[in-house]
Structure formats: structure tokens, C-alpha cells
1. How far apart, in nm, are the 7 Å Cα→Cβ label points at LYS132 and LYS158?
2. Would you kindly derive the ³J(HN,Hα) couplings of the range 206-218 from the backbone phi angles with the Karplus curve 6.51 cos²θ - 1.76 cosθ + 1.60 (θ = phi - 60°), listing them in order in whole Hz, with x for Gly and Pro?
3. Using the Cα centre as the reference, give the magnitude of the dipole from point charges on the C-beta atoms of the range 174-324 (Lys, Arg: +1; Asp, Glu: -1; all else neutral), rounded to the nearest 20 debye.
4. Please determine, in degrees from 0 to 90 and to the nearest 10, the orientation of helix 327-341 with respect to the longest principal axis defined by the Cα atoms of the chain, where the helix direction is its Cα long axis.
5. Arrange the following residues from fewest to most other Cβ atoms within 10 Å of their Cβ: SER278, SER247.
6. What are the ³J(HN,Hα) couplings of the range 351-364, residue after residue, when phi is run through the Karplus curve with 6.51, -1.76, 1.60 and θ = phi - 60°? Round to Hz, x for glycine and proline.
7. Helix 224-235 versus the longest principal axis of the chain: what is the Cα-based angle in degrees, 0 to 90, to the nearest 10?
8. Could you calculate the contour length gain from ALA87 to GLU237, that is, 0.36 nm times the residue separation minus the distance between their Cα atoms, to one decimal place in nm?
Amino acid sequence: MSNPQTTRRDFMRATGASLAAASIGSAVASADQGAATAPPARTFGYAIVGIGSLAEADILPAFAHTQRARLMGLVSGDAAKARETAARYGMPERGLYTYDTFDRIADNPDIDAVYIVLPNNLHAEYTIRAHKAGKHVLVEKPMANTVADCEAMIAAAKAAGRQLAVGYRLRYEPFTEAMIRMAREQEFGALGAIVCEAGFNIGNPAQWRLQKAAAGGGSMMDIGIYAVNAARYLSGEDPLEVTATESTNRSDPRFKEVEDTVHFHLRFPSGLIASCLSSYTVNLNRFRVHAQRGSFEMEPAWNRTGLRLRVLRGSVVEQRYLPQRDHFAAMMDHLAERAAAGTAPLTDGVDGLNDMKVIEAIYASIQQRQPVRIG
């Protein structure tokens with residue numbers, strides 16, 4: 001996309017829209033299956049912390065598709081917007097908080113968990129405060145800007161006896177689940193290589209994602225984490241070493257503080273290599289696994305809708321069709337279920353911590369211009 005004002009969300013919706021019609025039947029089937037399952041007697045109340053574009057476009061609408069989760073709180077610095085949003089979703093005003101009154105959620109029994117949708121540098125603070133208030137936490141990725149902050153968040157969850165989940169929404173949708181199964185079960189033989197590419201053309205130079213203090217970095221901290229996480233869950237391993245290089249045009253006003261494109265290679269204990277790309281100027285949207293008897297890939301790989309899964313064997317390309325699922329609804333319901341059972345969520349704090357260890361090593365490799373051990 002040549003339009004410099006294109007955002008990641010615009011890109012995902014534009015590429016997903018052309019495929020949406022083909023998915024209507026499977027989406028209806030999925031919805032029917034969900035409707036056939038009676039929800040539990042008690043719903044699980046969420047407070048959304050931060051009602052910016054992600055919350056408005058994806059998270060709040062997802063409550064229409066949840067089985068267990070219910071919107072019971074909003075935390076915002078804009079009181080008028082919070083009241084209007086609460087009214088639109090039929091949420092009681094007793095669940096409205098500002099950032100200054102956030103800690104009072106401890107006194108609200110309707111709120112079981114908070115979903116933190118704030119700039120990256122605020123993730124650790126509000127996760128720790130939420131746990132001290134006795135609430136479970138779902139925090140957007142990246143989990144935090146540093147490994148040390150991730151470790152502090154995990155410690156806070158443990159001290160509070162509450163669950164901590166990271167918002168890796170792709171882990172809760174059927175196409176990604178199928179890719180993982182195909183890789184783990186070696187449906188096409190032993191794995192030979194993994195390729196993970198995630199990128200888009202970012203817009204507005206003034207946004208917080210392009211400010212290092214808020215974001216912690218550039219494309220790696222935003223879109224690149226999809227490639228890191230995919231390489232880990234497709235391989236089923238945590239990498240031992242990374243070699244990374246960066247390409248950034250510092251004359252571009254978007255990249256005064258943060259990086260643009262990063263090319264990195266992850267070496268895993270089994271000997272498997274993942275070749276990955278992260279970019280803020282190039283549209284990249286593919287995860288591929290090369291195996292002995294064929295390859296399989298998702299492209300688009302990280303959109304909200306319109307995901308595609310293909311198997312490639314020689315000149316034969318096989319399209320696999322799966323039901324669409326609201327990623328955010330599935331993720332919020334999952335935490336509700338795991339919290340009730342007292343067990344760790346699929347994408348727990350350790351998952352987020354391990355991604356951050358990789359990303360810190362990527363930055364170190366760029367700076368040192370050599371391979372860096374991870375850990």
C-alpha cells in the first residue's frame with residue numbers, strides 16, 4: 001500500500017474483506033455450534049482498560065459473541081466517552097473508572113478480570129495494579145517493553161493467586177490451531193524450515209507506536225511479535241540463538257526513534273531454523289512451514305478475518321476451509337474458563353516473557369552485529 005496513512009487495522013480489514021463472503025457459511029455454522037452450548041450460570045465480568053481504536057473496533061464488539069465473558073467495566077481518561085460507550089453496550093455506570101480511580105475495581109465484585117489495551121509502557125503498571133486489586137488480567141501484546149517488567153507481572157499474578165494471559169488472539173482461531181497440529185503431528189514429515197513474515201505500511205508519525213518511550217521499539221514490538229510467536233508455536237520450541245539485521249530510513253519522519261524493517265533468523269534446539277521478517281513499510285502476511293513431503297502456509301496469516309490455509313505439494317495446491325471465529329471473543333472466554341478452573345491460560349505470562357526474551361536478543365544482535373544467545 002502506498003498510502004502513508006494506512007494503519008495496521010486498515011490493512012487487515014482491507015485484505016480480509018475480499019475473503020469474507022467465502023467464509024459466511026462456515027461462520028454461521030460456527031455460530032450455530034456456539035448457540036447450542038448453554039452458557040454457564042455465572043458470566044465473567046471484564047473491565048476494558050483503555051477505549052482507543054483497538055477496543056472500539058474489535059474488543060467491545062466481541063462481547064456480542066462471547067459465551068462466558070461480559071462487559072462490566074471501562075477505564076478511561078475521557079469521562080464523556082466512557083459514559084457514552086457504557087450506554088451503547090448496556091453496561092452499568094457503576095463500572096466506570098478513570099486512571100486515577102482504577103484501583104477501586106477491587107471493591108467491584110462484578111469485575112473478575114481486566115483487559116489492558118494501553119500503550120506498551122503502561123502494561124506492567126496496570127497489570128500489577130489489577131492483580132493487587134484481586135483481578136485476573138488479559139494484557140495486549142507485547143506483554144511489556146522489557147523482560148524485567150514481564151517477570152514483575154508474572155510475580156504479581158503469583159502473589160495475587162490470579163491468572164495472567166497475553167493477547168495472542170491467533171492462538172484461539174481454527175486456522176492457527178490447524179497449522180500447529182500439522183506441524184506437531186508432522187503430517188507432511190519432519191519439519192525442514194519455517195518462514196514467518198509480518199509487516200504493514202504504518203501511517204501517522206505522531207502516533208505512540210512510533211515513540212520509543214511508549215512502544216519500546218518499532219516494528220518488532222508491534223507487528224514483528226506475530227512472527228516471533230508463530231516461529232515458537234509452529235516449531236514447538238524456544239529458540240537458542242538469533243541473528244538479526246535492521247534496515248531503517250532515518251530521514252523518514254516515522255522512524256526518528258524506532259526501527260523499520262528487521263530480518264532475523266532463529267535457531268532452535270532441534271536444529272530447525274526460522275527465517276523471519278518484521279516491517280513498518282512492507283506488507284507481509286505469511287507463515288509457512290516447509291516439511292519433507294510438502295509445505296503448508298497461512299496467507300493472510302494475522303488478519304482478524306479472511307485467513308487462508310494452503311497445502312503445497314509439488315505443483316498441487318490444496319485449500320483447507322475452516323470456520324471463522326471471533327478471535328477476541330474466544331480469547332476472553334478462554335481466560336474465563338481457565339480462571340474458573342484455576343489453571344494457566346494457553347497464552348500465559350511465560351509465553352509473553354519468552355517472546356520478550358527473543359525480542360531483546362534481536363535488538364542486541366542488531367547492535368552487536370553478531371549472533372546472540374537467548375535466555
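1. Taking the two extended label points, one gets 1.9 nm.
2. 8, 5, 5, 5, 9, 10, 4, 4, 7, 8, x, x, x
3. It works out to roughly 280 debye.
4. Approximately 70 degrees, to the nearest ten.
5. Fewest-to-most ranking of SER278, SER247: SER247, SER278.
6. Per-residue couplings from phi come out as 4, x, 4, 5, 5, 5, 4, 5, 5, 4, 5, 4, 5, 5 Hz.
7. 70
8. Full-extension gain reported as 49.4 nm.
Every number here is computed from the coordinates shown, using simple stated rules; none is lab data. Here the structure is a predicted model, which is why all the values come from computation and not from measurement. No Cβ is skipped: glycine too gets one built from the backbone with ideal geometry, and neighbour counts run over all protein chains shown.
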